[in-house]
């Protein structure tokens, strides 16, 4: 693992921390202590590894895209997190947190979700371990991700609409945190990205380092011991990106996160505090959080994980922005050239590669295909007419 632990106060440089009500400080401290104990316990690690292999289907393959590479003039490699059980990278983190919650004696999971993939993964893990599950989801997202709402309910979870604000991911996080405050004795908040108060950004990253570890080994085999020139992934909160970046942060590989133009926390934000963390945040001159927009529900978030803010501030990673129109084109491009329908989220990363193909010509690009597009097909039918 090539990314360091945060400081004792949960900071990556100036970003991160633990900005929560006093009532939640003991819960955060309990969680950090429990995670440190579990992560150092070979029995816990062995149980998680077994589930990742036999239940989630890891390791996920590395796919070289010959037709796409020919079209773009770039050697394109995809890390196939879309092939995991439940259809995205989310299962890595959720299985870890669910096992940890059970170890802590919690009987109930509460989660937020945007595109529904984290909600589906949380409902899946709860069903597997016999736990209750409550998922908060913005009303707008429930409409555009109706398939995933049905999947969560089929798995036994209760799905509750967030009706405040923009009625998207930010508001679902607010509702989930309110629930956690009220039920902390029996409930674990299964946060879905590398965001929130310490220890969540660090803990969720650690559960996703499996992506970077596998990718590094697979690239070494394919590239005669080398690493790709560029490693790229979409960024909302940023868990899939930090997972794959973790495998290459100590190499010469360029790290590129790709945000939606309407939710560019790194590109347009300034440091601020939201959801228990200090990070880059889209806000107005009065410090009010601005509403984000993205065609993909999973990236519709005005902030970003604090470690991404740190990587941007020290120049180790850079963050590009793409438009909805560019994403729609990329969604069709991968489907047409490789027979792989991507989720709209990782289609953002491909949209950047496609737009910058001239600058990337002849280079090897590893893209984290963090989810499959089944959930987005109905939405894209409407968009494409």
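The values are calculated or read from the model by the stated rules, or taken from the named source; none is laboratory data. It should be emphasised that the depicted structure is a prediction, and the values quoted were computed from it without experimental measurement. Cβ coordinates were reconstructed from backbone atoms using ideal geometry, including for glycine residues, and neighbour counts include every protein chain displayed.
If you go through the stretch 297-321 one residue at a time, how many are assigned to a loop (DSSP other than H, G, I, E, B) and either outside the structural domain of residue 231 (by TED's automatic domain parsing) or surrounded by 21 or more Cβ atoms within 10 Å (Cβ to Cβ) (or both)?
5
Out of 225, 243, 196, report the one residue that is farther than 20 Å from residue 82 by Cα, surrounded by 24 or more Cβ atoms within 10 Å (Cβ to Cβ) and modelled with pLDDT of 95 or more.
196
Touching a strand residue (DSSP E or B) at 6+ places or on another chain (Cβ under 8 Å) and part of a helix (DSSP H, G or I), is that true of residue 123?
Yes; evaluated as a whole, the condition is true for this residue.
Checking the conditions here, which among 24, 62, 31, 95 is surrounded by fewer than 21 Cβ atoms within 10 Å (Cβ to Cβ) and under 30 Å from residue 151 (Cα atoms)?
Numbers: 24 fails: under 30 Å from residue 151 (Cα atoms); 31 fails: surrounded by fewer than 21 Cβ atoms within 10 Å (Cβ to Cβ); 95 fails: surrounded by fewer than 21 Cβ atoms within 10 Å (Cβ to Cβ).
Going through 24, 62, 31, 95 in turn, just one is surrounded by fewer than 21 Cβ atoms within 10 Å (Cβ to Cβ) and under 30 Å from residue 151 (Cα atoms): 62.
Of everything in the stretch 258-309, what is farther than 29 Å from residue 29 by Cβ, more than 16 Å from the chain's Cα centre (by Cα) and without any contact (Cβ under 8 Å) to a residue 60 or more places away in the chain? Give them in sequence order.
267, 268, 270, 282, 284, 285, 286, 288, 290, 293
Just to be sure, is residue 68 in the same structural domain as residue 353 (by TED's automatic domain parsing), more than 20 Å from the chain's Cα centre (by Cα) and either surrounded by 21 or more Cβ atoms within 10 Å (Cβ to Cβ) or within 18 Å of residue 246 (Cα to Cα) (or both)?
Answer is yes for this residue.
Is it true that residue 331 is in a helix (DSSP H, G or I) and more than 19 Å from residue 246 (Cα to Cα)?
yes
What do you reckon, is residue 191 in contact (Cβ under 8 Å) with a residue 60 or more places away in the chain, part of a helix (DSSP H, G or I) and either in contact with a strand residue (DSSP E or B) (Cβ under 9 Å, 6 or more places away or on another chain) or not assigned by TED's automatic domain parsing to the domain that holds residue 272 (or both)?
On the way: in contact (Cβ under 8 Å) with a residue 60 or more places away in the chain: yes; part of a helix (DSSP H, G or I): no; either in contact with a strand residue (DSSP E or B) (Cβ under 9 Å, 6 or more places away or on another chain) or not assigned by TED's automatic domain parsing to the domain that holds residue 272 (or both): yes.
When the stated conditions are applied, residue 191 does not pass them.
Any residue in the stretch 323-330 that is at pLDDT 95 or above, closer than 22 Å to residue 199 by Cα and out of contact with any helix residue (DSSP H, G or I) (no Cβ under 8 Å at 6 or more places or on another chain)?
Checking the stretch 323-330: not a single residue is at pLDDT 95 or above, closer than 22 Å to residue 199 by Cα and out of contact with any helix residue (DSSP H, G or I) (no Cβ under 8 Å at 6 or more places or on another chain).
Hey, can you tell me all the residues within the stretch 338-354 that are surrounded by fewer than 23 Cβ atoms within 10 Å (Cβ to Cβ) and either touching a strand residue (DSSP E or B) at 6+ places or on another chain (Cβ under 7 Å) or without any contact (Cβ under 8 Å) to a residue 12 or more places away in the chain (or both)?
Result: 338, 339, 341.
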